[in-house]
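Reviewing the structure listed below.
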Amino acid sequence: MNQLDLTSVFEFMIEKIETGLCAIDENGRVIVYNKKMRELTGETLEQITQRFLSQSLDFNLEQNMLQKVLDSGQSYKHIKQTFWNTLGEEVTMMNDYYPYTLDDGTKIAIQFSRDITQQEFLMDRPLSRYGAPLTFDIITAVSKSMQQAIQQAKIAALGRIPVMLIGEPGTGKDMIAEGIHHELAEKNERFITLICRRNEKTLLTQIEKYIAEEKNYTFFAERIEFLSDEAQNRIVELLEEHSERNHVFIASIGEDPIDLIQQGSLAKNLYYLFSNLTIQVPALRERREDIKPFVEDYFARRRMAYGISVKGLAPEVEEIFMSYDWPGNLKELEVLLDDLSALLTTEEYVEHAHIPAYFKWKLKQAE
């Protein structure tokens, strides 16, 4: 194989690989920018080249890090970056940066980026992995308290009114929020999740962009109390400025709103915005009758998706599940079921021996 053929193979591999690749030289010229990286940022090679040369970058981590590599000659690994790309999508990447010197002495910096957006998304949203819209029908609600929460949410959807969801982490507030979105009689263009534990300047920029558009959106601000008082009041201003639009705004908090106001974590103006309807999403330990149906639904989906044999829990394990307090709520239960599913092959029921060591330790600590 001659050198020309080998170069062609490398170019083919660079374009097809599912890792984002970017490389710049000492003059800031982009010499590699593959298809995966273009998908992640939403930009063409020409656009990214112009931004690097002009030193203007809205999400400038890669530019700063690549320049840092050129200046220091050092490698930097496992640098996580979350940003909104030019397509209006929230993206999370895990980046590794390396220096390299070409045969002619030219120094370059190379960036390898893995797309971990979906993993980050699933960590924050139980049941979001199943591909189907999260309607109210998919939510396990045998208990009266959860049925009441869903009924209130349907009223909110009917009136398109702002809703505040209150509940511990992992209770499924995100599912209620998306259920409201799909229940709307006049459908909105898109369901936009705003993770308020991330960069609030970027988050506000995205709200400002979408809220002024002609299309109607459903905004879900997850754990809005993590935003600063200034950012919370800015959201209220934006909603008032664009009150003629038909957007739906939903927010979630992890504690009682009055307590959060007293702590200075929740702006009064924001709370007044949601005063017409707040929905308490109960903890799993307060609706234990939902545990067994949730497990059954989970395994039914697994059987359909992966053809596994498991039908449910052995009586001893079911008793453990029903007596445990589930401090991590629905999210903790689902993660445990994931771990159990990874251990099962042809078994039809989850036995005590299948329970992971870390969960047995939790059970012992809870005694």
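Since every read-out is calculated from the coordinates, none of them should be taken as a lab result. Everything quoted here is computed from the prediction, not taken from an experiment. Cβ atoms come from the backbone with ideal geometry, glycine included; neighbour counts cover every protein chain shown.
Structure summary
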read-out	value
Projected label distance in nm at residue 98 and residue 147, using a 7 Å step from Cα toward the beta-carbon	6.0 nm
Dipole of the chain [Lys/Arg +1, Asp/Glu -1 at C-beta], most positive-end residue of 86, 171, 231	171
Pairwise label distance in nanometres, residue 301 with residue 9, each label 7 Å out on the Cα-Cβ vector	4.3 nm
Per-pair calculated FRET efficiency, R0 = 25 Å: residue 268 and residue 116 via Cβ, rounded to 0.05	0.10
Per-peptide average of other Cβ atoms within 10 Å, ordering 40-48, 355-363 highest first	40-48, 355-363
Summed residue charge, Cβ within 12 Å of residue 50's Cβ, Lys/Arg positive, Asp/Glu negative	0
Full-extension gain in nm, residue 86 to residue 19, via 0.36 nm per residue minus C-alpha separation	22.2 nm
Principal-axis tilt of helix 45-54 within the chain, Cα atoms, nearest 10 degrees	80 degrees
Helix 357-366 axis, angle to the chain major axis (alpha carbon atoms, nearest 10°)	40 degrees
Label point distance in nm, residue 359-residue 74, each placed 7 Å from Cα along Cα→Cβ	4.3 nm
Chain lengthening between residue 280 and residue 229 when straightened (0.36 nm per residue, less Cα-Cα)	16.1 nm
Charge tally in the Cβ shell below 15 Å around residue 247, where Lys, Arg are +1 and Asp, Glu are -1, residue 247 excluded	-3
Gain upon complete extension [residue 155, residue 341; 0.36 nm per residue less C-alpha separation]	63.3 nm
Charge-dipole axis of the chain as Lys and Arg at +1 and Asp and Glu at -1 on Cβ define it, positive-most pick from 265, 69, 152	152
